[in-house]
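Undergrad: I'd like to ask some things about the structure below.
The values are calculated or read from the model by the stated rules, or taken from the named source; none is laboratory data. Model, not experiment: these values are computed from the prediction. Every residue, glycine as well, gets a Cβ built from its backbone with ideal geometry; the counts of neighbours run over all protein chains shown. Side chains are part of the model used for accessible areas, which takes the heavy atoms of the whole protein and leaves out ligands, DNA and RNA. Shrake-Rupley method; radii C 1.70, N 1.55, O 1.52, S 1.80 Å.
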Amino acid sequence: MKFKVVLALFAVAGLAACGPGPKNDASKPAAARPAPPISTAPEHETRGVIASVNGQVLTLDHDGATAAPLAAGRTTFQAYADVLAEAPLDPGARVTFKFRKAAEGEGWELTEMRGR
């Protein structure tokens, strides 16, 4: 009888010692992860036509912007949900948009887009 009690006590003590393992970055909630850096580059405005939409990446045929080193032509832009929420997204749609250099220094990101 004492053997069963001692065995039960060891089992309970063993389970109590097992606590949660070490935390890693993947287990952090999304709010705890650092947000991507926000670009402080100046905004530029131009107009164009949507060539294609692939998720949050838009390809636009545009008039260019002389203030930004962006010649007229076809360019790929990163866009976020707040910009895409109210914008026309059909290929061929004519739009006016604002953009800036991405925070990482590679490519361009849309800050505003509306139909025209």
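Undergrad: Quick one: is Pro29 open to solvent by 80 Å² or more (accessible area, probe 1.4 Å) and either modelled with pLDDT under 70 or within 18 Å of the chain's Cα centre (by Cα) (or both)?
TA: yes
Undergrad: Considering only residues of the range 63-86 that are over 13 Å from Arg47 (Cα atoms), modelled with pLDDT of 85 or more and not β-branched (Val, Ile, Thr), which is nearest to the chain's Cα centre (by Cα)?
TA: The selected residue is Tyr80.
Undergrad: Then there's this: State whether the residues of the range 33-44 include one that is surrounded by 11 or more Cβ atoms within 10 Å (Cβ to Cβ) and either in contact with a Pro (Cβ under 6 Å, 6 or more places away or on another chain) or modelled with pLDDT under 85 (or both).
TA: For the range 33-44, residues surrounded by 11 or more Cβ atoms within 10 Å (Cβ to Cβ) and either in contact with a Pro (Cβ under 6 Å, 6 or more places away or on another chain) or modelled with pLDDT under 85 (or both): present.
Undergrad: Of all residues being within 14 Å of the chain's Cα centre (by Cα), farther than 14 Å from Val57 by Cβ and not aliphatic (A, V, I, L, M) in the range 97-116, which is modelled with the highest pLDDT? Just the residue, please.
TA: The qualifying residue modelled with the highest pLDDT is Thr111.
Undergrad: Determine, yes or no, whether Leu60 is of a type in the set (A, V, I, L, M), within 13 Å of Lys98 (Cα to Cα), open to solvent by less than 30 Å² (accessible area, probe 1.4 Å) and modelled with pLDDT of 90 or more.
TA: yes
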